[in-house]
Amino acid sequence: MANGRRSVAQMKPGEVAIISELEDDILSVKLMEMGCLPGATIRFNFSAPLGDPVCISVSGYELSLRLEEASTISILN
Amino acid sequence: MQEKQLKIALVGNPNSGKSSLFNILTGLNQKTGNFPGVTVEKRTGFSKMPDQTTAQFIDLPGIYSLYPRSLDEQIVSEILLHHKSPDCPDVVVVIVDATNLKRSLLLVTQIIDLGLPTVLAMNMMDLVAKAGISFNLIALSEKLGIPVVPINARTGMGVDQLKKVLSQEVSPSTKVIFPVFDEAKSGVEELRNELGIDNNYEAYQFLQQPTSLSFLKAQERIFIDQVKEKHKFFPGKFHGAETVQRYGFIQNLLDEVTLEPANENRTSQSTRFDKILTHRIWGYAIFFGVLFLIFQSIFAWATVPMDFIDGLFASLSNYLNDVLPEGPLTSMLAQGVVPGLGGIAIFIPQIAILFAFISILEESGYMSRVVFLMDKIMRKFGLNGKSVVPLISGVACAIPAIMATRTIDNWKERTITILVTPLMSCSARLPVFTILIALIVPDKMVWHFFNLQGLALMGLYLLGFAAALISAIIIKLLINVNERSYLIMELPTYRWPKWSNVGYTIVDKTKAFVFEAGKIILAIAVVLWVLASYGPGDHMERAEEYVLQESENLRLTEQGLEDRVAAYKLEHSYAGILGKSIEPVIRPLGYDWKIGIALVTSFAAREVFVGTMATIYSIGSEEDQTTIKSRMRAEINPDTGGPRYTPAVGFSLLVFYTFAMQCMSTIAVVYRETKGWKWPMIQLVYMTMLAYVSAFIVFQSFS
Ligand SMILES: Nc1nc2c(ncn2[C@@H]2O[C@H](COP(=O)(O)OP(=O)(O)OP(=O)(O)O)[C@@H](O)[C@H]2O)c(=O)[nH]1
Ligand SMILES: [Mg+2]
């Protein structure tokens, strides 16, 4: 993308990245409680057969998210 | 004087082992399972403490934080935040999955800040050892200011130590992990003074989320709003900032107490399973394979024990008839009660198999993957991936299934799930299905592998499922609410089921089915027998005369005469009159007044169908006490001279029972869960209409 912003929704299986920002105010509190904090390492494990939802590893456990939610998590890598 | 009983709440993240610990402590059999959100309501039990007093333990739904997201979580926040309530626990045991300490500690730090006496139970220590992690528990205890006890809630290891700690005086931690934000200080101060709250963080929570705490009185809410206004405290960004601050503390803490970090083996093994189980093709293939296996085994494996039970009850009936003196009581026992009970007992094997499979799905961790696989599809129908859990457990029984919808945080998706769950074929439909299928579908193998009756059964379950999905779409279009929907769900690691749990579930549920159904069936069998044996006027006493008059020209054998008398009696009994009065309504579906009697009695509980059939068809036929099935097969339709249960009638009945809401308990639980009569009534009317119209179409197109 032009501005270079990437989100978890664009990651490929096996890819590792650092969370840079949570973009959605309402979702961010839920995500942070589940351990998705800015600065945390995140690994994209796999997506469901229909592409949505996806499974990531964060804070030492596995979490599933919908693509819509994953796209609010910006990453650095 | 009676000593004060210690009240201890078990709190923790979903799936951390609270219910397992509760079961070990109290000896009860609270349901456990390897997916988040098994427990959805509070349950209490008692345990003897080392000092010989009895303590009360409270098992609660799992929460990730004190800020609730769904109904089940709200229950817990309210118990922990309402310090003045008599339900407020004396001690809180926070159970954490020690293999997943970081996320679990968020809740621990929140509870410590509430100022309640707290004990930390580090659970799953067996898995911690396997993963090669080690912690300095003494340092952890010092940093948090609370006792820390390692346990294994599966085996009970460490539970005695936990009890010992609990029976000593536990005092609140002196540490404050999150001092409330400066912006909130003055507001918190005022709330504390005015409402008499004794803890900063509790008062802070009242400021943060008054709307999700239903125990606050209206004037308290108004007061809180005024305080917020006055001190210019507007929650919003604060919640996130609090979480970040707490995680900062947790990261430092973990760095200090972790001696040996996890090797990645455990999760990578789960990921390897997931490669297959959530694979694009294999994922669905395996899911449908599992479902298919369940239905095949219900028919294939259960026949031997079923035939045995069937024979047993038939001979019991015969035996009673032989040994007991002849009279109304004997015939009630032999023709009403025993066949009615036999009609239920025969399904024990099938129900046991069904519960065994469901329990294994829940215990292994596969259930969450089904949610994961189905979410996208379910959303198209206005449901949520999490709706899969109620829908699948609805195959066992709609009542716990409807309660399981509490974990769905979106109101619309939850309501739709509640409305369509009873369309899933529950175990009470199994007896009805089995008997009718056996009557009209030949017991043949197709392609040497598939049992035709098993396929027919699976077809009926799919029909129920399809009806649930289609109804969901319709309701989705009718309910006009747009609320954001989420699926942020933990995927637990796969574990071997604890086989004793599976065993308990089978025994427990089967027993409940037999006794619950047994009670209703017994009561209805007695009432029905009376209704079928007595009637108005003198038709009953003088039945033989009437029959002789009617059939003067026929040369009847003795047996033929007896049968006619019996039929005449039933027709003129109260039950017969009842059936006849609804006959005009059900005739278009292919049913006669005898089936009508069964429809009326099944209104309260559908499994009564079989018992009713048993009673109706055995009244009068004193001679051979054969089984219900053969009696139904021998029944003749006087209009056609052919068998009563033609495929058209059989399929029409099957479809009717698939769709109809014949279960009082479901209506009651929907009333409770939706807090009103609106939805249960809509559901009742909708399902009855659906059943009637579909049965009509089936009968008319088959005949
Ligand atoms: N290996 C191992 N498994 C455990 C231990 N404690 C619990 N489990 C398993 O973890 C799963 C979850 O346990 P539950 O007791 O249902 O958890 P819960 O906290 O009540 O879960 P919710 O009711 O969903 O909030 C079950 O499959 C248990 O058998 C333990 O110490 N070791
Ligand atoms: Mg539980």
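Worth pointing out:
- Of all residues in segment A:19-50, exactly one satisfies the criterion of being within 19 Å of B:Glu242 (Cβ to Cβ), in contact (Cβ under 8 Å) with a residue 40 or more places away in the chain and part of a loop (DSSP other than H, G, I, E, B), namely A:Asp24.
- Consider segment B:1-42 and keep the residues that are basic (Lys, Arg) and under 22 Å from B:Met403 (Cα atoms). The one that is farthest from ligand 2 (Cβ to nearest atom) is B:Lys42.
- Answer from B:Phe273, B:Phe313 - the residue that is away from chain A (no Cβ under 14 Å) and farther than 30 Å from B:Ser141 by Cα: B:Phe313
- In segment B:78-96, residue farthest from B:Lys18 (Cα to Cα) [restricted to those that are away from chain A (no Cβ under 14 Å) and in contact with a Gly (Cβ under 9 Å, 6 or more places away or on another chain)]: B:Lys84
- Residue check for B:Gln2: surrounded by fewer than 22 Cβ atoms within 10 Å (Cβ to Cβ), within 12 Å of ligand 1 (Cβ to nearest atom) and modelled with pLDDT under 90: no
- Scanning segment B:1-26 for residues that are within 15 Å of B:Val94 (Cβ to Cβ) and assigned to a loop (DSSP other than H, G, I, E, B) yields a total of 5.
- Within segment B:179-188, the residues that satisfy the criterion of being without any contact (Cβ under 8 Å) to a residue 60 or more places away in the chain and touching a helix residue (DSSP H, G or I) at 6+ places or on another chain (Cβ under 8 Å) are B:Pro179, B:Val180, B:Glu183, B:Ala184, B:Gly187, B:Val188.
- Scanning segment A:1-39 for residues that are among the aliphatic types (A, V, I, L, M), open to solvent by less than 60 Å² (accessible area, probe 1.4 Å) and in contact with a strand residue (DSSP E or B) (Cβ under 8 Å, 6 or more places away or on another chain) yields A:Val8, A:Ala9, A:Met11, A:Ala17, A:Ile19, A:Leu22, A:Leu31, A:Met32, A:Met34, A:Leu37.
- Of all the residues in segment A:30-77, those that are of a type in the set (Ser, Thr, Tyr) and facing chain B (nearest Cβ under 7 Å) number 4.
Each row is one residue, and each column tells you yes or no for (1) open to solvent by less than 30 Å² (accessible area, probe 1.4 Å); (2) not in a loop (DSSP other than H, G, I, E, B).
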residue	(1), (2)
B:Leu140	yes, yes
B:Ile146	yes, no
B:Leu162	yes, yes
B:Leu166	yes, yes
B:Ala184	yes, yes
B:Arg192	no, yes
B:Asp198	no, no
B:Ala203	yes, yes
B:Gln219	no, yes
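- Among (1) more than 35 Å from the chain's Cα centre (by Cα); (2) assigned to a helix (DSSP H, G or I); (3) not hydrophobic (A, V, I, L, M, F, W, C), the one test that B:Thr271 misses: (1)
- Residues in segment B:27-71 that are basic (Lys, Arg) and in a loop (DSSP other than H, G, I, E, B): 3 in all.
- Looking across segment B:21-77, the residues that are open to solvent by 10 Å² or more (accessible area, probe 1.4 Å), within 14 Å of chain A (Cβ to nearest Cβ) and farther than 23 Å from B:Leu116 by Cα come down to B:Phe35, B:Pro36, B:Gly37, B:Ser70.
The values are calculated or read from the model by the stated rules, or taken from the named source; none is laboratory data. These numbers were taken from a predicted model, which means no experiment stands behind them. Every residue, glycine as well, gets a Cβ built from its backbone with ideal geometry; the counts of neighbours run over all protein chains shown. Note: accessible area is taken over every heavy atom of the protein model, side chains too, but ligands, DNA and RNA are not part of it. Shrake-Rupley method; radii C 1.70, N 1.55, O 1.52, S 1.80 Å.
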